[in-house]
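One structure is given below, encoded as structure tokens.
The values are calculated or read from the model by the stated rules, or taken from the named source; none is laboratory data. None of these values were measured; they are calculated from a predicted model. Cβ placement follows ideal geometry from the backbone for every residue including glycine, while neighbour counts extend to all protein chains displayed. For accessibility, only protein heavy atoms count, side chains too; no ligands or nucleic acids. Shrake-Rupley method; radii C 1.70, N 1.55, O 1.52, S 1.80 Å.
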Amino acid sequence: MSITIYGIKSCSTIKKVFNKLDELGVSYDFHDYKKQRIDKESVQRWVNELGIDKVLNKRGTTWRKLTDEQKQAADDNVNNAIDLLIENTSMIKRPIVEGKLADKNNGQPILLCGFDEAEFDTIFS
């Protein structure tokens with residue numbers, strides 16, 4: 001079993017995910033964007049799998065602080081949006097949960113964005 005949670009340690013949603021996975025007995029690694037940053041290949045993979053609308057958080061303060069030109073560039077071109085996500089990791093929706101459960105989910109890769117308790121129960125129970 002190899003699961004990685006990507007996010008920001010101080011995020012309340014991340015804390016909920018930690019609690020849920022601990023409750024379900026699922027071991028995981030944590031990748032903190034603020035301390036470890038994130039590589040372009042990971043963000044590109046998430047956007048390819050989930051879509052930019054799922055990965056890019058436009059409701060947060062970081063997005064609202066961008067200039068109109070930056071927002072328009074991100075809306076016009078997914079590569080611009082990915083570059084903004086790498087520069088401003090707070091704009092990546094949290095959590096991103098990625099990995100593989102050898103004994104569950106038929107060994108299929110897992111890639112989740114956001115926390116839905118029922119979905120976590122189904123996938124990790």
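Here's the yes/no breakdown for (1) at pLDDT below 95; (2) open to solvent by less than 40 Å² (accessible area, probe 1.4 Å); (3) within 18 Å of VAL43 (Cα to Cα):
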site: LEU66; (1), (2), (3): no, yes, no
site: ASN77; (1), (2), (3): no, no, yes
site: LEU85; (1), (2), (3): no, yes, yes
site: ILE92; (1), (2), (3): no, yes, yes
site: ASP103; (1), (2), (3): yes, no, no
site: GLN108; (1), (2), (3): yes, no, no
site: THR122; (1), (2), (3): yes, no, no
site: SER125; (1), (2), (3): yes, no, no
Restricted to segment 44-53 and to residues being in contact (Cβ under 8 Å) with a residue 60 or more places away in the chain and more than 14 Å from ASP83 (Cα to Cα), the residue surrounded by the most Cβ atoms within 10 Å (Cβ to Cβ) is LEU50
Which condition number in (1) loosely packed, with under 11 Cβ neighbours inside 10 Å; (2) under 20 Å from ASP116 (Cβ atoms) is the one that LYS58 fails?
(1)
Going by the conditions given, is ASP29 over 20 Å from ASP121 (Cα atoms), among the acidic types (Asp, Glu), open to solvent by 60 Å² or more (accessible area, probe 1.4 Å) and out of contact with any Gly (no Cβ under 7 Å at 6 or more places or on another chain)?
no
Picking from LEU56, LEU66, the residue that is of a type outside the set (Asp, Glu) and more than 18 Å from THR13 (Cα to Cα) would be LEU66
Taking segment 1-43 on its own, how many of its residues are without any contact (Cβ under 8 Å) to a residue 60 or more places away in the chain and within 12 Å of the chain's Cα centre (by Cα)?
7
